[in-house]
Amino acid sequence: MSKAPIRVAVTGAAGQIGYALLFRIASGAMFGPDQPVILQLIEAPFEKPLAALAGVAMELDDCAFPLLKGIVQTSDPAVGFKDANWCLLVGAKPRGPGMERADLLKDNGKIFIEQGKIIDAVAADDARIAVVGNPANTNCMIAASQAKRLPAERFTAMVRLDQNRAQTQLAQKAGVDLTEVKDIFIYGNHSPTMFPSFAHATIAGKPAKEVINDNAWLEGPFCETVGKRGAAIIAARGSSSAASAANALVDHVRSLVTPGAIHSIAVKSNGLYGFDANVWAGMPVRTTTAGSYEVITGYEMDDFAKSKIAATNKELTDERSFVADML
Ligand code: NAD
Ligand code: LMR
C-alpha cells in the first residue's frame, strides 16, 4: 500500500535556494523514493516573488513527478504552514559582499518571530522545523522561543553545508575520495567562528590528524576556509551559495529521517560541550527515530577545541542578547 503524502512547507520558495530545492524534494531525494509529498510554498506578499512562485509551480507541474501530490502557493503563512509535517524556513534576506550574517539579524529576526508563532498554532502535531535563513542558529532560537505546543528539540538549524565543506577540504588535502572522510562535525554558529572539529574525524579509518600530519594547516587554513567559504562564494558569484545550500538541506532532513544517521545539526544546547544553555549550537547527533535525534556525548576537547568553542559560544550569546528585546 502506498504511503500517505506528507506536507512540506517551504518559505522563500521562489528564491535562489528554493529553485534548487523544490525539485529535489519532489523527486524523492529528501524523504525517499516511496514517500509522496504535498508542497506548501510560501513567499513574501509582493507581486514579483508571487509571480515567480507561479512560474516555479508551473515547472514543478511540468516535471510530472510521481511523488508530488499537490502544490499550495500562498503569501499567508497560516495557509502555508497548515498541517505541515516539515517546515523548511529558507525565506529571508541573504547577505551581500562585506556583510556578516549577523548583520541580517534585526530584519530577518522579525520574520522568525511571526513564523514561529504561526507554525506553533497551525502545523501538524509531529511538525519538524529546519531553519536555513541567516543567521540560521539565532533565527531558529527566535522561532522556537515563540512555540508553546511544539517542543524546542523540533527546531533545528542547518550547519550541514559547513560539514559538507569540511569533509571535502579534508579529502582534498589527504588526496582521498571524500567518502573516506568520516565523523567531521561542526560545533557552534553558522558563521566564521564555527568549529569543524577535526580531532575526532577519521580518514580511511585512521585519525584525520595522523593522515594529514599538519596541525598548523588543520588549526589555521582548514578552519578558516570552512568558516569563510560562504563569503568566498559571494565574492566569486556575486550572490550567496544556493545549489550547495539546497543540497545541504536535503542532506540535513534526509539524515534526520534516517535512524542511525550520524551528522551535525544546530540544536538547543543544554550546556554540553561548553555551550550556554538555550543557544542553538551545531553539535554531532545520532538520529534515533525518524525526525528525532540524540546529541552524541563524550568527545574529549583539547585546549584548541575549547578555545574555538568558547569563541563561537560567545558569538551565539551575543546574538541572543542583541535580539533579547524581540523575544
Ligand atoms: P533569495 O533572496 O534568493 O530568496 C529569498 C526568498 O525569500 C525571496 O524570494 C523572498 O521573497 C523570500 N522571502 C522573504 N521574506 C519572506 C517571508 N517573510 N516569507 C516567505 N518568503 C520570504 O535568498 P536565498 O539565496 O534563497 O537565501 C535565503 C536565505 O538562506 C538567506 O538568509 C541566506 O543568507 C540563507 N542561507 C543560509 C545557508 C546556511 O547554510 N544556513 C546557506 C545559504 C544561504
Ligand atoms: C553560506 O554559508 O554560503 C551561506 O550562509 C550564505 C552566506 O551568507 O555565507
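The values are calculated or read from the model by the stated rules, or taken from the named source; none is laboratory data. The shown structure was predicted, so the numbers you read here are calculated from the model rather than taken from an experiment. A quick note on method: Cβ atoms are made from the backbone with ideal geometry, for glycine too, and the neighbour counts reach across all protein chains shown. These area figures cover heavy atoms from the full protein model, side chains too; ligands, DNA and RNA do not enter into them. Shrake-Rupley method; radii C 1.70, N 1.55, O 1.52, S 1.80 Å.
Loop-located GluC sites (Glu not before Pro) across the stretch 251-321 with a Cβ neighbour count of 13 or fewer within 10 Å are Glu300, with loop assigned by DSSP.
For Leu272 and Trp217, a Förster radius of 30 Å and the Cβ-Cβ distance give a FRET efficiency of 0.60, rounded to the nearest 0.05. DSSP assigns beta bridges within the stretch 1-98; of those with both partners inside it, close to 0 percent run antiparallel. Taking Ala14, Ala236, Ala130 in turn, the Gaussian network model of the chain (Cα-Cα springs below 10 Å) assigns the largest fluctuation to Ala236.
The mean sequence separation of alpha-carbon pairs under 8 Å and at least six residues apart, normalised by the residue count of the chain, gives a relative contact order of 17 percent. Rounded to the nearest 5, what is the percent of antiparallel bridges among the DSSP beta bridges in the chain? Percent antiparallel among DSSP bridges in the chain is about 45. Remark on Gln40: its backbone amide H falls under 5 Å from those of Val8, Ala9, Val10, Val72, a criterion applied only to residues 5 or more positions apart or on other chains, H modelled at 1.01 Å from N.
Positive end of the dipole of the stretch 58-132 (Cβ unit charges, origin at the Cα centre): among Ala78, Leu68, Met99, the Cα lying farthest that way belongs to Met99.
The length gained on full extension between Leu178 and Asp34, counted as 0.36 nm times the residue separation minus their Cα-Cα distance, comes to 49.0 nm.
Solvent-accessible surface of the chain, averaged per residue with a 1.4 angstrom probe and all protein chains in place: 42 square angstrom. Net charge of the neighbourhood of Met301, taken over other residues with C-beta under 15 Å away and scored Lys/Arg +1, Asp/Glu -1, is -2.
The chymotrypsin sites (Phe, Trp or Tyr not before Pro) of the stretch 1-96 that meet both conditions, a loop assignment by DSSP and at most 12 other Cβ atoms within 10 Å of the site Cβ, are Phe46. When the listed pairs Lys93/Lys148; Lys182/Lys206; Lys3/Lys69 are checked against a 20 Å cut-off, the alpha-carbon distance exceeds it for Lys93/Lys148. Bridging of Lys308 to lysines at a Cα separation below 20 Å is possible for Lys209, Lys228, Lys268, once same-chain residues fewer than 8 apart are set aside. Taking each residue as 0.36 nm, the span from Glu153 to Ala243 lengthens on full extension beyond its C-alpha to C-alpha distance by 29.7 nm. Note on the chain: with a GNM built from Cα contacts shorter than 10 Å, the maximum mean-square fluctuation among Cys140, Cys87, Cys63 falls on Cys63. Considering only Ala51, Ile25, Ala171, and ranking their Cα positions along the charge dipole of the chain that arises from unit charges at the beta-carbon of Lys, Arg, Asp and Glu, the one farthest toward the positive end is Ala51. Here the stretch 8-116 exposes an accessible surface that is 58 percent carbon and sulfur, computed with a 1.4 Å probe and the other protein chains kept in place. Using a cutoff of 8 angstrom between alpha carbon atoms and counting only pairs six or more residues apart, the relative contact order for the stretch 160-326 works out to 23 percent. The share of accessible area on the stretch 176-327 that comes from carbon and sulfur is 51 percent, using a 1.4 angstrom probe.
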